[in-house]
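Down below is the structure, laid out as structure tokens.
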Amino acid sequence: MLLYRVFPWLPRAAIGEPGHALYVPDKSGAGRADSAGRYRALYLSSAPAGAVAETFGTLKRWTPRMFPRPDLPGSVRALATYDLPDTSPVFDLDDPDALKALGLRPSQVVTRDRAVTQSWALAVFQQRRWSGVRWWSYYDARWYSYAIWDVGALSIMPDTVRALTMTDTAVIEASDIFRRPRRAR
């Protein structure tokens, strides 16, 4: 399955270093499906525009200033395409039986309350059967968001990493879907 991620890109970064497409940042439990001290997750989307939306969705206006990452000098936000083998099982929170198995309601999946989301993510992780978990995107239910903790199962599709610009098709699609104004400057 193909998945997509926006990340701060340094073209010369090695695997495991900040700026590489497979680098998993230590969010110290800040992400929706993180568990500080137990595992780290790489967040991806089922669509390029979904990855853009998840990264920039909270910004009211989109401008070229959103692409550089000041905390990683010299980096620019880029979009990469990843392959997750079909043999890597992902727990599907869009499946009513899966929700029932965890005793969850849909509202507990999409809540912004990190204590709730991290709790269901940890419950799935502790089953030791899954490469990660997926749920529908907050921004558009046609997109799925993924938290993959088995990062070793992911591979980057060759020649797919590209620096994002205001004219990138994924940026345009995402901004059009949830009506974010784009500015050239």
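The values are calculated or read from the model by the stated rules, or taken from the named source; none is laboratory data. Note that this is a predicted model, so its numbers are computed, not measured. Don't worry about glycine lacking a Cβ; one is built from the backbone with ideal geometry, like all the others, and counts go over all protein chains shown.
Would you check if there is a residue in the range 9-26 being within 29 Å of S175 (Cα to Cα), part of a strand (DSSP E or B) and either among the hydroxyl-bearing types (S, T, Y) or at pLDDT 90 or above (or both)? Within the range 9-26, one or more residues are within 29 Å of S175 (Cα to Cα), part of a strand (DSSP E or B) and either among the hydroxyl-bearing types (S, T, Y) or at pLDDT 90 or above (or both). A single member of A163, A121, A101, A174 is surrounded by fewer than 16 Cβ atoms within 10 Å (Cβ to Cβ), farther than 23 Å from L10 by Cα and of a type in the set (A, V, I, L, M), and it is A101. When the range 69-98 is examined, which residues are found to be within 20 Å of T55 (Cβ to Cβ) and surrounded by 14 or more Cβ atoms within 10 Å (Cβ to Cβ)? Selection gives R69, L72, S75, V76, R77, A78, L79, A80, T81, Y82, L84. For the range 41-52, the criterion of being surrounded by fewer than 20 Cβ atoms within 10 Å (Cβ to Cβ), among the β-branched types (V, I, T) and in contact (Cβ under 8 Å) with a residue 12 or more places away in the chain is satisfied by no residue at all. Report yes if R38 is farther than 23 Å from W143 by Cα and touching a strand residue (DSSP E or B) at 6+ places or on another chain (Cβ under 9 Å), otherwise no. Judged against the criteria, R38 is not a match.
Screening L72 against (1) within 25 Å of G152 (Cα to Cα); (2) assigned to a loop (DSSP other than H, G, I, E, B); (3) within 18 Å of the chain's Cα centre (by Cα) leaves a single unmet condition, (3). Answer with yes or no whether A115 is within 20 Å of G31 (Cβ to Cβ), surrounded by fewer than 14 Cβ atoms within 10 Å (Cβ to Cβ) and among the small types (G, A, S). Judged against the criteria, A115 is a match. Counted as qualifying within the range 89-146 are the helices (runs of 4 or more DSSP H) with 1 or more residues that are of a type in the set (A, V, I, L, M), under 26 Å from T58 (Cβ atoms) and touching a Phe, Trp or Tyr at 6+ places or on another chain (Cβ under 6 Å), namely 106-110, 114-125.
Restricting attention to the range 152-171, and to residues there that are hydroxyl-bearing (S, T, Y) and outside any helix (DSSP H, G or I), which single residue is farthest from Y82 (Cα to Cα)? Here the answer is T167. R32 falls short on exactly one of the conditions (1) of a type outside the set (D, E); (2) in contact (Cβ under 8 Å) with a residue 24 or more places away in the chain; (3) farther than 22 Å from F125 by Cβ, and that condition is (3).
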